[in-house]
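Asker: Below is the structure I would like to discuss, written out as C-alpha cells.
The values are calculated or read from the model by the stated rules, or taken from the named source; none is laboratory data. What you see is a predicted model, and the numbers here were worked out from it, not measured in a lab. Cβ: placed from backbone, ideal geometry, glycine included. Neighbour counts: every protein chain shown. Please note that ligands, DNA and RNA were not included when accessible areas were found on the heavy atoms of the full protein model with its side chains. Shrake-Rupley method; radii C 1.70, N 1.55, O 1.52, S 1.80 Å.
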Amino acid sequence: MTSKVAIVNRALTKLGAERIVALTDNTKEAREMSATFDIVRDSELRANRWSFSIKRALLAADITAPLFEYSHRFQLPSDYLRGLMVGDLWPGVDLSDYRTGPAGQDWAIESGFLLFNSAGPLRLRYIGRVEDTTLWDSSFVEAFACKLAVETCEAITQSSEKRQLAQNEYSTALQIARRAGAIELPPQQIADDTWVVGRLRA
C-alpha cells in the first residue's frame, strides 16, 4: 500500500532532500510537493496508457445538440483525461487526403463534451484520473516519483545536475514499465501508400 507521503518521500530521496511527515508540513519540500503533486499526476496519467487508469463508461446523449457538424453531444466523465475508443472506433488508416467531402473526424472533444453522430448510449474507453494511490501500479509509482523529482528539483535543490539525473531515472522507469506491460501499447496506424490509393480508385 503506497501513500501520497511515501511517494513524495521517494521523490525527495532521489533529490537528496529532507523527507516530510505530511504534505501540510511547514517546509519548502512539503510546499513544493503539495503544489505540484496533482498537476504532475494528471499529466503523467494522460501521457501514457497506464493499464490501471484505463476505464469504460456508457454515455447518454445530452438534451442539447451541437450547433453544427455533429448530431449529439455526451457529457464526459468527471475523471476523464484522454479518450481511447469511442463506440467501435479505434485510430485507423489516415485517408484524409482522399476524402471527397468536407474534412472532419468521427468524434471530437469540446468543452467537456464528446461530440458524435449517434444518439447513443455511447461506449467510451478512456484514461481516467486515479487519485487513490493504493490502486497505482508499482511501475507508475516509480516513474511518477522520478517525474516529481524532475519538476521540483530546481525549487528544492537549485541543482541542474540533480535534475538531469532525475530525468534519466524517469526515462529508465518508463522503459521498465513498458517492458512489464504496465503501459498498454496503442494500436499502430498503417501509413497510406500506392496500394491504398489504387484500391480506392478501383
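Asker: State which residue is modelled with the highest pLDDT when the search covers only the range 66-108 and only residues that are open to solvent by 60 Å² or more (accessible area, probe 1.4 Å) and among the aliphatic types (A, V, I, L, M).
Answerer: Among them, the one singled out is Leu67.
Asker: List every residue pair whose Cβ atoms sit under 7 Å apart, with the two residues 6 or more apart in sequence or on different chains, where the first one lies in the range 161-172 and is free of Cβ contacts under 8 Å to residues at least 40 places away in the same chain and the second, anywhere, is surrounded by 12 or more Cβ atoms within 10 Å (Cβ to Cβ).
Answerer: Arg163/Val150; Arg163/Cys153; Arg163/Glu154; Gln167/Val150; Tyr170/Ala143; Tyr170/Cys146; Tyr170/Lys147; Tyr170/Val150
Asker: Related question: Find the residue count for the range 110-125, including only residues that are under 21 Å from the mean Cα position of the chain (by Cα) and in a loop (DSSP other than H, G, I, E, B).
Answerer: 2
Asker: Please specify each residue of the range 3-29 satisfying the condition of being free of Cβ contacts under 8 Å to residues at least 12 places away in the same chain, part of a helix (DSSP H, G or I) and surrounded by 16 or more Cβ atoms within 10 Å (Cβ to Cβ).
Answerer: Within the range 3-29, Asn9 is the sole residue that qualifies.
Asker: May I ask you to verify whether Val150 is open to solvent by less than 30 Å² (accessible area, probe 1.4 Å) and either part of a loop (DSSP other than H, G, I, E, B) or modelled with pLDDT under 90 (or both)?
Answerer: It is false that Val150 is open to solvent by less than 30 Å² (accessible area, probe 1.4 Å) and either part of a loop (DSSP other than H, G, I, E, B) or modelled with pLDDT under 90 (or both).
Asker: Among the residues of the range 159-183 satisfying the criterion of being open to solvent by 40 Å² or more (accessible area, probe 1.4 Å) and among the β-branched types (Val, Ile, Thr), which is modelled with the highest pLDDT?
Answerer: Thr172
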